[in-house]
There are 2 protein chains.
Amino acid sequence: MSQDLNPVIWPMSARRVNGEITIGYISVSDLADEFETPAFILDELDFKARASLWAKALQEAFGTNAGTAYYAAKSFISTQVARWIEQAGLGLDVCTDGELAVAIAANFPAKKIELHGNNKSESEIAAAIDYGVGVIVIDSLQEIDRVARIAHEKSVTQGVLLRLNPGVDADTHEAISTGHEDVKFGFSIASGAAWDAILSVKKHDSLELRGLHAHIGSQIFTPDSFELSASRLISVLAKYRDEFGAELAELDLGGGYAIAYIEGDKPIPAQEILSVIATRVKSECEKVRLKIPRISIEPGRVIVGPSMVTIYRVGTTKEVTLEDGSTRWYVSVDGGMSDNIRPALYEAQYSISLANRSSSAPLRKSRVVGKHCETGDIIIRDVQLPSDITPGDLLAVPATGAYGRSMASNYNHMARPPVICVLNGRARSIIRRETHRDLLALEIEEEPRQIGKGEAK
Amino acid sequence: MSQDLNPVIWPMSARRVNGEITIGYISVSDLADEFETPAFILDELDFKARASLWAKALQEAFGTNAGTAYYAAKSFISTQVARWIEQAGLGLDVCTDGELAVAIAANFPAKKIELHGNNKSESEIAAAIDYGVGVIVIDSLQEIDRVARIAHEKSVTQGVLLRLNPGVDADTHEAISTGHEDVKFGFSIASGAAWDAILSVKKHDSLELRGLHAHIGSQIFTPDSFELSASRLISVLAKYRDEFGAELAELDLGGGYAIAYIEGDKPIPAQEILSVIATRVKSECEKVRLKIPRISIEPGRVIVGPSMVTIYRVGTTKEVTLEDGSTRWYVSVDGGMSDNIRPALYEAQYSISLANRSSSAPLRKSRVVGKHCETGDIIIRDVQLPSDITPGDLLAVPATGAYGRSMASNYNHMARPPVICVLNGRARSIIRRETHRDLLALEIEEEPRQIGKGEAK
């Protein structure tokens, strides 16, 4: 087990001391005793380091053409995290008024906020303009008119980007990229919708078209899709210049940078992937004699993902005999699909380690499951675990920072776990554990009242 | 559109009046004006009728051998719903202390509560015994000792069932049922684990083995899997009688009864499916000369599923040109995978109707999507909708009562929708809409504190 904490997967401070995993120089047993389980443990310095790393890598790759590294709030956000993001020099990408509310609670600088979404409500748009967000990324023709009207009513000239669909299927190589047009997001370049949107934006005095945006997917391990997307966006910038005799200043290439969840996952380091993309951006701009625009990116998972570890306590174990006569060891923990829906939702794979002690017991074919009343409530489908794992042991699942707590539910009326921030032997909750009282607080008793015109019989 | 509200899919009071859908004799427009969108609309009489129907159908099918129809709280529970369940004469199946907390808040009769779960914590077991739940359904050997010990400490003789795995794959016919052993739940009959568990329970004075339980799956449209499961459980009852010279009194056949989500779904009515199962139970018992045990069931989805309709408001529409040159109409609504994860999680299909008006516009190939920043945030993948649907229109999705609100998340910091109970022209929230304040309330600021032995450097 000495090599079990692969540093590509685990947060930087994770290590084994006398057999036990420590994070932020606190043993998981002590964390479990203090905060109970399940819990998300956030390595504060790891988070801050990764945030800085991506901001700096953007600077290094693009120099004076570096725009903003917008942290994707959807991966995980809290007011504390928003403040760290600001301190690290990043911007914030929010998708809803809920995420905006966190930014506002953190006093996040409005100009460094970008509002996304395929279906922003009028009140979301109004709230964003009132707060003064730097840029709204527009996603549909209707939204162009909507943002223009609301900005006009508020006598604001709103900076906007247009979200384009570059027709890049991020899972394939450039050569066989047949496009990925059938999605709800953006204006297709290929169909001409993108150009129509540009013409439409130009009609509105209350909108200032700053540039173009694309986001091509998630967990992308190679730069080629980013490069292809950038080159297609640059061709639109060139057409714009040809048509209007002026250049758009900004290009936001979105996020989707992969992290390592399991052995063998090899994400490309920030500097390396951004430098490859920068080279391509420069060559494409040269080709069409365009000034290099300011380049922004939207890292989310790649910052927060590896910074958190979920710790669970084992409750029961069970040997199950399979059809072929072999056996599988089922290890049940005290969380599950309510705190990590990704295995059930995307067949996502995770690593797991016995955390409170090391073991030299023989390994055994195991499956780690949650406590929900659902067969699909599986955390790790297939893993070799020490055969002496027993109720009371702690298991740690790394790389759960992104889309873990942020997609958590109260399925089976389970209280959502806290997020515990650890740093140099000290710890604190930044999101507390939910209680049954919290869940019951949404129940209200009110008198039935007559609604509307009274179609009642 | 006159036939669009198929009564097999929609709640009983749903109808169109002057083109507009009304539920509980209130138009969806009035409901949306009063409670905003998205919202779950719960047809109170529909829920109560279905609850009574299943309780009565169990009585009719099994007569004096009818046990309890336990409502599966995981599908959807609130204190109000728990009180309706009690009034309709059903019991309550809870899986966690969170669900138990709702039952306790509703003063639900303890003897009619059944505690489930593959990994009940000690505190959950203790809470259940303290409240006096009628039966604990035991799922693992470790749990036998655990429940026995806690009951002993409390000087209680606790009624228990053993959850068995009858090796029935609910998707296949009896003939080709090769078993479905590779799951976390239950003791396998085939492997001998079930018998070992029986012997283990018998050793404990603090446990009273009342009988056996099995639950074979979800959305099951035919009785054959239930019949096969029952017959395998009865063979264990017979072996028990042969071995111990006494008969176990109870058999809980679980839930999993299908409902209709889309046209063509043909669930078997309660009376019919339970009568088929009853016939098989009787014949199997006769075969092995066993007294017919008390038969319990666990309907959840089949009661609450059809009783709720989700109403959404359209925010944007967009034409997307596909690879083959055809177009798809994307209709974006103000909810999505946070209020209904089932399409993304299980590729579940739903129906949808334009709700605030009727339309004679030509139909158009459409996809209804949510507002989350995720391509998979799809509510209805493929549907023909009137081509004049426009922002502001209301859409209604029926049959969202089960595993809708109960699995809802705050993904993208979206507030979860309320559950609005409608009855004869009157309405009230039984679960209120969440607010951003609720979400922020879980954030806390505390001083970092030294944890544990201070391994810090």
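Annotations
- Sequence-distant residues sharing a close amide H with A:Asn165 (under 5 Å, placed H): A:Phe187, A:Ser188, A:Ile189
- Annotation for A:Thr435 and A:Arg83: the two label points, set 7 Å from Cα along the Cα-Cβ direction, are 2.4 nm apart.
- With kT/(6 pi eta Rh) evaluated at 10 °C and eta = 1.306 mPa s, and Rh the Kirkwood radius from Cα pairs, the protein assembly as shown diffuses with a coefficient of 55 µm²/s according to Stokes-Einstein.
- Whole-Hz ³J(HN,Hα) from phi, Karplus 6.51 cos²θ - 1.76 cosθ + 1.60, for the range B:326-336, glycine and proline x: 6, 10, 10, 9, 8, 10, 9, 10, 8, x, x
- A:Leu45 paired with B:Asn107, simple spin-label distance in nm, labels 7 Å along Cα-to-beta-carbon: 5.7 nm
- DSSP beta bridge pairing in chain A, given as percent antiparallel to the nearest 5: 50 percent
- The range B:92-218 - percent relative contact order, Cα under 8 Å, separation 6 or more: 24 percent
- Percentage relative contact order, chain B, counting C-alpha pairs under 8 Å, at least six apart: 20 percent
- For A:Ser296, distant residues with modelled amide H under 5 Å away: A:Gly67, A:Thr68, A:Leu251, A:Asp252, A:Leu253
- Counting only the Cα atoms, the range B:78-162 fills a convex hull of 77 Å³ per residue.
- 16 Å cut-off, amide nitrogen to a point 7 angstrom out along B:Asn424 Cα→Cβ, residues in the range A:415-457: A:447-451, A:454-457
- Average beta carbon contacts from partner chains per residue of A:363-371, 10 Å cutoff: 2
- Shown is the FRET efficiency for B:Arg381 and A:Gln59, computed with R0 = 41 Å from the Cβ-Cβ distance and rounded to the nearest 0.05: 0.45.
- Calculated on C-alpha atoms, the gyration radius of the range A:244-382 divided by its Kirkwood radius gives an Rg/Rh of 1.19.
- When peptides A:351-359, B:5-13 are ranked by their average number of other Cβ atoms within 10 Å per residue, the highest-first order is A:351-359, B:5-13.
- Relative packing of peptides B:147-160, B:388-401 - highest average C-beta neighbours within 10 Å first: B:388-401, B:147-160
- Ranked by how many other beta carbons lie within 10 Å on average, peptides B:310-319, B:332-341 from highest: B:332-341, B:310-319
- Cα pair count fraction exceeding 35 Å, expressed as % - chain A: 38 percent
- The range A:318-386 and the range B:382-457 have Cα centres lying 29 Å from one another.
- Cα-only radius of gyration and Dmax that characterise the range B:116-299, units Å: 16.7, 54
- Convex hull projection area averaged over all views, the range B:291-354, Cα basis, nm²: 7.9 nm²
- Peptide B:334-341, shielding by other chains (average Cβ, 10 Å cutoff): 3
- As an equivalent ellipsoid, the range B:216-291 spans semi-axes of 29, 11, 8 angstrom, where each value is the square root of five times an eigenvalue of the C-alpha gyration tensor, largest first.
- Restricting the GluC sites (Glu not before Pro) of the range A:201-265 to loop positions (DSSP other than H, G, I, E, B) with no more than 16 neighbouring Cβ atoms within 10 Å leaves A:Glu247, A:Glu263.
- Chain lengthening between B:Met12 and B:Leu199 when straightened (0.36 nm per residue, less Cα-Cα): 62.5 nm
- Shown here for the range B:388-457: GluC sites (Glu not before Pro) in loop regions (DSSP other than H, G, I, E, B) with at most 12 other Cβ atoms within 10 Å, namely B:Glu445, B:Glu446.
- For A:Asp393, the residues whose modelled amide H falls within less than 5 Å of its own, excluding neighbours fewer than 5 places apart on the same chain, are A:Val314.
- Secondary-structure-derived ellipticity at 222 nm for chain A, considering helices only, amounts to -8500 deg cm²/dmol, per-run term -39500 (n - 2.57) for DSSP H runs with n ≥ 4.
- Partner chain coverage, peptide A:308-317 - average Cβ within 10 angstrom: 3
- Using θ = phi - 60° and Karplus 6.51 cos²θ - 1.76 cosθ + 1.60, couplings along the range A:200-217 (whole Hz; Gly, Pro as x): 5, 4, 4, 6, 9, 5, 7, 10, 10, 6, 8, x, 10, 9, 8, 9, 9, x
- Extending 7 Å from Cα along the Cβ direction at B:Asp182 and again at B:Glu286 yields two label points whose distance is 4.0 nm.
- Surface/4 estimate of mean projected area, convex hull on alpha-carbon atoms of the range B:25-179, nm²: 12.9 nm²
- A cysteine counts as unpartnered when no other cysteine's C-beta lies under 4.7 Å of its own; in chain B this applies to B:Cys285, B:Cys421.
- Virtual paramagnetic centre 7 Å along Cα→Cβ of B:Glu272, amide N under 17 Å, in the range B:1-36: B:7-10
- In order through the range B:87-99: 3J(HN,Hα) via Karplus (6.51 cos²θ - 1.76 cosθ + 1.60), integer Hz, x for Gly, Pro: 4, 7, x, 8, x, 10, 9, 10, 10, 8, 5, x, 5
Every number here is computed from the coordinates shown, using simple stated rules; none is lab data. Given the structure is predicted, the values throughout are model-derived calculations rather than measurements. FYI the Cβ positions are ideal-geometry reconstructions off the backbone, even for glycines, and counts take in every protein chain you see.
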